[in-house]
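Contents: one structure, followed by commentary.
Every number here is computed from the coordinates shown, using simple stated rules; none is lab data. These figures come from a predicted structure and were not determined experimentally. Every residue, glycine among them, receives a Cβ derived from its backbone with ideal geometry; neighbour counts consider all protein chains shown.
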Amino acid sequence: MSTPGQMAQSEVDSIHKLKTAFDNIKKQLTRVIVGQDQVIEELLIALFSKGHCMLEGVPGLAKTLMISTLSRCLSLEFSRIQFTPDLMPADITGTDFIEKNPATGSFELLFRPGPLFSNMVLADEINRTPPRTQAALLEAMQERQVSVGRVRHKLANPFFVLATQNPIEQEGTYPLPEAQQDRFMFKVYVHYPSFNEEFEIARRTTGVVSDEITPVLSGEQIQEIQTLVRKVPVTDHVIHYCLALVRQTRIGEPGTPKFIKDWLSWGAGPARFRT
């Protein structure tokens, strides 16, 4: 049996592996992505914390490129869904179909999985599809499963949904309802690059620059990191501080500041702590 000292050393080694993995992924991403250090860091925090993430920014800021490049850094199955106004729920979840068995001649009801059955799913321009299709993501993001008919189909593990949306176009878009936004751990705002960063982008796109990406982590390694993150202890005074902030957002509760009524309609719920 391992002694407490050996267990502690094992956990220290795991933390070092986490730091090494973070640095290696960031190094690979910088071969393609210029700047956006905070966005990359928040993406990786969501990844290691077993959460989903939404990127919002104007067109041309490499949101889709960033997510697809991240998928190349990981040895995971990746699928991209381009959300459009005519996209139906079955187009992303999958559907049942009838097929004739050539051996027996009988007809069988089979399930054909949709693109949600991947480890990493890019929901590109998620606000361009109707609420009916957006809602099809709810069960997948929360329960890691898809229900088709009366059958529940488990999704792969690990499973991440990384969505993008453009905030400046209003026609032909469908703002995500609160219940849908609640499934994302982070909503990350992607801003314009600095002058030097944009100069480097222009230099790279007008020359021949290698963008070969080497996978850094496998699915098993990501799950180990996620388990390690959940083991990080949280002291009581930190929990008390978080509770104080959350509870003061609830209108009508004792101790809520008066200005909260002017700025908020609803307060944060206890589910925020489960993420």
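For every other residue with a beta carbon closer than 12 angstrom to the beta carbon of Asp91, add +1 if it is Lys or Arg and -1 if Asp or Glu, then tell me the sum.
+1
Ranked for footprinting exposure by Cβ neighbours inside 10 Å, fewest first, Val161, Val229 give Val229, Val161.
Between Ile15 and Tyr174, the contour length at 0.36 nm per residue exceeds the Cα-Cα span by 53.1 nm. Taking every alpha-carbon pair in segment 236-275 and binning the separations at 5 Å intervals from zero gives 6, 24, 30, 23, 12, 5, 0 percent. Other residues lying with their Cβ under 11 Å from the Cβ of Phe186 contribute a combined charge of -2, Lys and Arg counting +1, Asp and Glu -1. Proximity of backbone amide H atoms, modeled 1.01 Å from N, is registered between Phe160 and Met120, Val121 at under 5 Å, excluding neighbours fewer than 5 places apart on the same chain. Across segment 27-42, rounded Karplus estimates of 3J(HN,Hα) from the backbone phi angles (6.51 cos²θ - 1.76 cosθ + 1.60, θ = phi - 60°) give 5, 5, 5, 5, 5, 10, 9, 9, x, 6, 4, 5, 4, 4, 5, 5 Hz, Gly and Pro being marked x. Computed over the alpha-carbon pairs of the chain, the distance histogram in 10 Å steps reads 6, 22, 29, 25, 13, 4, 1, 0 percent, short to long. Here Cys242, Cys73 are placed in order of increasing Cβ neighbour count within 10 Å, fewest first, which gives Cys242, Cys73.
Projecting each Cα onto the charge dipole of the chain (Lys/Arg +1, Asp/Glu -1 at the beta carbon, about the Cα centre), which of Ala179, Asn166, Pro102 comes out farthest on the positive side? Result: Ala179. In order along segment 56-64, phi translates into HN-Hα couplings of 10, x, 5, x, x, 9, 6, 5, 5 Hz, rounded to whole numbers, per the Karplus curve 6.51 cos²θ - 1.76 cosθ + 1.60 with θ = phi - 60° and x for Gly and Pro. For a straight C-alpha distance cut-off of 20 angstrom, the lysines reachable from Lys231 (same-chain residues fewer than eight places away being disregarded) are Lys17, Lys19, Lys50.
If you average the C-alpha positions of segment 20-49 and of segment 59-102 separately, how far apart do those two centres end up, in angstrom? Result: 22 Å between the Cα centres. Full extension of the chain segment joining Gln221 with Ala202 gains 3.3 nm, where the gain is 0.36 nm per residue of separation less the Cα-Cα distance. Under a straight-distance cross-link criterion of Cα-Cα below 19 Å, which aspartates and glutamates are reachable from Lys100, leaving out those fewer than 8 residues away in the same chain? Within reach: Glu108.
Only the Cβ atoms of Lys and Arg (+1) and of Asp and Glu (-1) were treated as charged; on that basis the dipole of the chain about its Cα centre amounts to roughly 580 debye.
The relative contact order of segment 236-275 comes to 36 percent, based on Cα pairs under 8 Å that sit 6 or more residues apart.
With only Lys, Arg, Asp and Glu charged, each at its Cβ (+1 for the first two, -1 for the last two), find how big the charge dipole of segment 236-275 is about the Cα centre; round to the nearest 20 debye.
On the way: 6 positive and 3 negative charges, 21 e Å.
In total the dipole reaches around 100 debye.
Loop-located GluC sites (Glu not before Pro) in segment 165-252 (DSSP state other than H, G, I, E, B) with a sparse environment of at most 16 neighbouring Cβ atoms within 10 Å: Glu169, Glu171, Glu212.
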